[in-house]
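The values are calculated or read from the model by the stated rules, or taken from the named source; none is laboratory data. Source: prediction; values computed, not measured. We place every Cβ from the backbone using ideal geometry, glycine too, and count neighbours over all the protein chains shown. The protein model used for the area step is the full one, side chains on, heavy atoms only, and it has no ligands, DNA or RNA in it. Shrake-Rupley method; radii C 1.70, N 1.55, O 1.52, S 1.80 Å.
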Amino acid sequence: MKLIQQLRQDTFSLSFEVFPPKTGSAFQSVQAATEEIAKLRPAFMSVTYGAGGGTSRYTLDIAMNIKRLYGVSTLAHLTCVSSTRESLHAQIEDMQRYGIENVMALRGDPTPQSLESAHVGPYRHAVDLIHELKECGADFCIGGACYPEVHPESADQREDIRHLKEKVDAGCDFLTTQMFFDNNLLYNFLYKIREAGITVPIVAGIMPITNANQVERAIKLSGAHMPQRFKSLVDRFGNDPAAMKQAGVAYATDQIIDLYANGITNVHVYSMNKPDVARKIQENLSDILGKSC
Ligand code: FAD
């Protein structure tokens, strides 16, 4: 199913993300975690694309299995920064062959190995990939990334939103946000993008931080601001894995409830191949999910 149909509805939609294995030997364990998450019957599941494209085949295998074996809609991520025209066209053909209907069109971050091709390659930004997806004749529903706290490479938010509008005008059907830990940042961002004429559905990306080591990685990856309320929680529970997990799930749940109460109906959880975390969040929202269906 094309995700845009679902994302335009007023009902609450909770979805989860998995990432592909780096090696073939880890495929089975990722597949098993994916199956557990799919059994929760989320609105959809996304499958990320390894930096540099090294795990692209696994992305498609896992995305196809989610749809075929469990009947859950999938969103396959695709990056372009290290692609040549030929490799990208081959990738798009594979997606069509695998029956992929929904694509998250991303630039990606150049790896040290791909840095050279990133500078000379034909796809400098996600907008170039969106043009290519539109021109290839395939009828994909296309998602793009957006950054409530501004992409680290942008000079300022105005410039970032101007480029975001170009992505939407090129054919992006919906946008998923980078993780954020303070909902007010999203509300402020939404106001600004709506004012800039961006009207596509926004999917709020929520990352449950369930161990103290994740904190540094998450900040480095996203540049997200950590509110004092969250820092206190890590200070208090960071050395107790079980307590930290419970507190992290509670914090993410609280963010999601506040989002829904403020009219945000599409929430995507960066569940990081952790079925127990996905299940717990879904359980915490059971009455809310039940009543919104
Ligand atoms: P772009 O939209 O190209 O934006 C990148 C920067 O370039 C921004 O500063 C933007 O303002 C600027 N820009 C855009 N267009 C232009 C232009 N025409 N001229 C000048 N500047 C421009 N990475 C992966 O490797 N695999 C994944 O599966 C993956 N999934 C992600 C999912 C989400 C929801 C998010 C938020 C990020 C994901 N990423 C993933 C990370 C992403 O690849 C990086 O954040 C990357 O740095 C930017 O990708 P983008 O598609 O937003 O790029």
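Observations on the structure shown:
- Taken over the range 154-171, the residue count meeting the criterion of being near the ligand (Cβ under 8 Å from one of its atoms) and either touching a residue at least 40 places away in the same chain (Cβ under 8 Å) or of a type in the set (D, E, K, R) (or both) is 5.
- Selection from the range 220-232 of residues that are in contact with a helix residue (DSSP H, G or I) (Cβ under 8 Å, 6 or more places away or on another chain) and open to solvent by less than 30 Å² (accessible area, probe 1.4 Å): ALA224, MET226, PHE230
- One residue from GLU149, GLU166, GLU159, GLU195 being buried (at least 20 other Cβ atoms within 10 Å of the Cβ) and either under 25 Å from HIS125 (Cα atoms) or touching a helix residue (DSSP H, G or I) at 6+ places or on another chain (Cβ under 8 Å) (or both): GLU149
- The range 201-236, residues that are within 17 Å of the chain's Cα centre (by Cα) and in a loop (DSSP other than H, G, I, E, B): PRO201, MET207, PRO208, ILE209, GLY223, ALA224
- In the range 137-163, the residues that are outside any loop (DSSP other than H, G, I, E, B) and over 22 Å from PHE44 (Cβ atoms): GLN157, ARG158, GLU159, ASP160, ILE161, ARG162, HIS163
- The set of residues in the range 118-136 that are open to solvent by less than 50 Å² (accessible area, probe 1.4 Å), assigned to a helix (DSSP H, G or I) and either over 24 Å from THR177 (Cα atoms) or not β-branched (Val, Ile, Thr) (or both) comprises ALA118, ALA126, ASP128, LEU129, GLU132, LEU133.
- Pairs with Cβ under 9 Å, 6+ apart, first in the range 245-262 and within 12 Å of ALA278 (Cα to Cα) and polar (S, T, N, Q), second open to solvent by less than 60 Å² (accessible area, probe 1.4 Å) and part of a helix (DSSP H, G or I): THR253/ILE281
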